[in-house]
2 protein chains.
Amino acid sequence: MINGNRKGDYTMIKVVAKQVIKADKIEEFLQAAKQLVQDTNQKDAGCISYDLYQDVSNSQVLTIIEEWENKESLDQHMKAEHFQKAMVVFKDFTEGEGEINLYQKLS
Amino acid sequence: MINGNRKGDYTMIKVVAKQVIKADKIEEFLQAAKQLVQDTNQKDAGCISYDLYQDVSNSQVLTIIEEWENKESLDQHMKAEHFQKAMVVFKDFTEGEGEINLYQKLS
């Protein structure tokens, strides 16, 4: 389904990673997530944007919305130490699986 | 929960409107959705971005990701004729309810 994932191919990938955070773990999650946002923006090649959002009507819904130049730069990010570390920490804060969609822009 | 929705207040609202489209209705949905994207970008004040995305591993998942200068401009959009018309048309194409989150950016 993913075309154009050759190195350097510019097929922008948008990621929406939505999580429900335990009510008593929101502050701890925010700290870890903000560190991940900072590390990713500073270190990961091909990262166009990487931002943390909170649902305006449910403070437990916290979502990272990302843009990557191509699938390969996203793959590199997911192997990075700061990402791997964050995923371990996040596990203690999340309720259920979370929902991650990788998108390509149509218009 | 939403603060700063006074007129002109700049509290950017990000919307992720995710729908599952019936497999045999994707083309028709795309046509209607692209028209909505065009109308919205052309007509609606306070619209920062309004784009249509398709999940790279499930072509039935079609999502509009939006940015608005404030809640009020989003509210105006949802009263607009082109939006109301699109919602009527979309009903025939979607499976289930769809998922809409309104977000504020944290970092």
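The values are calculated or read from the model by the stated rules, or taken from the named source; none is laboratory data. Just so you know, these numbers come straight off a predicted model, no measurement behind them. Backbone-built Cβ (ideal geometry, glycine too); neighbour counts: all protein chains shown. With ligands, DNA and RNA removed, areas are computed over all heavy atoms of the protein, side chains included. Shrake-Rupley method; radii C 1.70, N 1.55, O 1.52, S 1.80 Å.
Details
- Residue in the stretch B:88-107 that is within 8 Å of chain A (Cβ to nearest Cβ), open to solvent by 10 Å² or more (accessible area, probe 1.4 Å) and part of a loop (DSSP other than H, G, I, E, B) present: yes
- In this structure, B:Ala23 qualifies as open to solvent by 30 Å² or more (accessible area, probe 1.4 Å), closer than 15 Å to B:Phe93 by Cα and at pLDDT 95 or above.
- B:Phe83 more than 29 Å from A:Glu27 (Cβ to Cβ), more than 13 Å from chain A (Cβ to nearest Cβ), touching a residue at least 60 places away in the same chain (Cβ under 8 Å) and open to solvent by less than 60 Å² (accessible area, probe 1.4 Å): no
- Flag for A:Ile65 being open to solvent by 50 Å² or more (accessible area, probe 1.4 Å) and either in contact with a Leu (Cβ under 6 Å, 6 or more places away or on another chain) or β-branched (Val, Ile, Thr) (or both): no
- Residues of the stretch A:49-80 satisfying the condition of being under 15 Å from A:Ala17 (Cβ atoms), in contact with a strand residue (DSSP E or B) (Cβ under 8 Å, 6 or more places away or on another chain) and more than 13 Å from every other protein chain (Cβ to nearest Cβ): A:His77
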